[in-house]
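Please read the structure below before turning to the comments.
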Amino acid sequence: MYEFTITTGSSINISDYLYTNLYNQLTTIGGIVIKQQIANKISISLAVEDNYKEYAKGVLLEIIPDGIICEYKYNYLKNNIYLNINEEGLNVFIKALVVFDRQTDKDLIVKNLKLERELHVDSFYKFKLYELRDRWQEIANIVNDSIPIMLKNKSVSEITRYFVNSCEEGPEVHLYIDKNKIVLNRLGELTSLEYATNEDYENSLVCEIISLSPNKIIMHGSADFIGKLERTLSSVFYGKIYRVT
C-alpha cells in the first residue's frame, strides 16, 4: 500500500484544491483520500494499492504544483504588484499572470518535490522554492515598471488578454446558463462550479475560467443577460467564445 500525507495551514485555500482534485482522480482507482483538521493544520491523507503507486505519484506531481501556483503565486503577485486600477480588474489581471508561463513554474516545483511519505506544503514553499519566489518577484518588478506606461495606450482587458493568449491552451469549457444560475463544466470532468446570477459572479467566473486556460468556451442557453456575459468574456477570451441556444 502506498500512503502519502499533505499538511498545510488551515488559512491556505490550497487544501480544498488538493483534496478535491486528489479525491476525484484517486477514488476512481479504489484509492482512499481523507481530509481532516487538527488545531490550525489541515492534513490530506491518501492510500492506494501498490500496483497504482506510480499512477498516484503522477497525479501528485500534477496537482501539488498546480495548487501551489494557483494559491501561492496569486497571493505573492497580489502582495507585490502595485497598479492604480480597480480591484476587480486587478484580480483578473493577476489571475492571467498566474497562468502565464505556468509550465516553467511547475518544472521548478517538481525539481524540488520528493514524494516519500509526507509533505508540509508551507515549509516546502518557504524553504525549497526560493528560486520560484525570485522568479515571481521579477514578474512583479516588470509589471510595476512597464504596465503603467502600457496603460496609456491599452486597456487593462487588452493587456490581460495578451497574457491569457500567451498561455498553453487547456480544456474546452462549457457554460450552461439559465435565468437563475450559471454552471461551469470542464470537458471530460464530472466536477462543476455553480454561480448564482443574483450575486456578484462575473469576476469569480472570469478568474476561474482564466485558471483553466481554455481553448474554447461554449455558452449554452438563452437567458436575457447572456449578451452582456458574452461581451465580458470576450474582453479577455476574444475569439474563443461560441454560443449554442
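All of the numbers you see were taken from the coordinates with simple rules; none came from a lab. Here the structure is a predicted model, which means the values were calculated and not measured. Cβ: placed from backbone, ideal geometry, glycine included. Neighbour counts: every protein chain shown.
In loop segments of the stretch 34-65 as defined by DSSP, the GluC sites (Glu not before Pro) with at most 15 further C-beta atoms inside 10 Å of their C-beta are 49. When all alpha carbon pairs of the chain are counted in 5 Å bins from zero, the resulting P(r) reads 1, 6, 12, 16, 16, 16, 14, 10, 6, 2, 1, 0 %. Mean separation of Cα pairs under 8 Å and 6 or more residues apart, divided by the residue count, gives the chain a relative contact order of 18 percent.
Say the cut-off is 31 Å between C-alpha atoms; which of 78/240; 57/179; 128/216 go over it? Can you show the working numbers first?
Numbers: 78/240 27 Å; 57/179 43 Å; 128/216 36 Å.
57/179; 128/216, as the Cα separations exceed 31 Å there.
Taking other residues whose beta carbon is less than 12 angstrom from the beta carbon of residue 18, and scoring Lys, Arg as +1 and Asp, Glu as -1, yields -3. Within a straight-line Cα-Cα reach of under 17 Å, residue 114 can be paired with the following aspartates and glutamates, leaving aside sequence neighbours fewer than 8 residues apart in one chain: 3, 54, 62, 66, 105, 122, 131. Only helices reaching 27 angstrom along their own axis (Cα) with mean Kyte-Doolittle hydropathy no lower than -0.5 count here, and for the DSSP H runs of the chain these are 130-150. Normalising the average separation of contacting C-alpha pairs (under 8 angstrom, six or more residues apart) by the number of residues puts the relative contact order of the stretch 81-218 at 32 percent.
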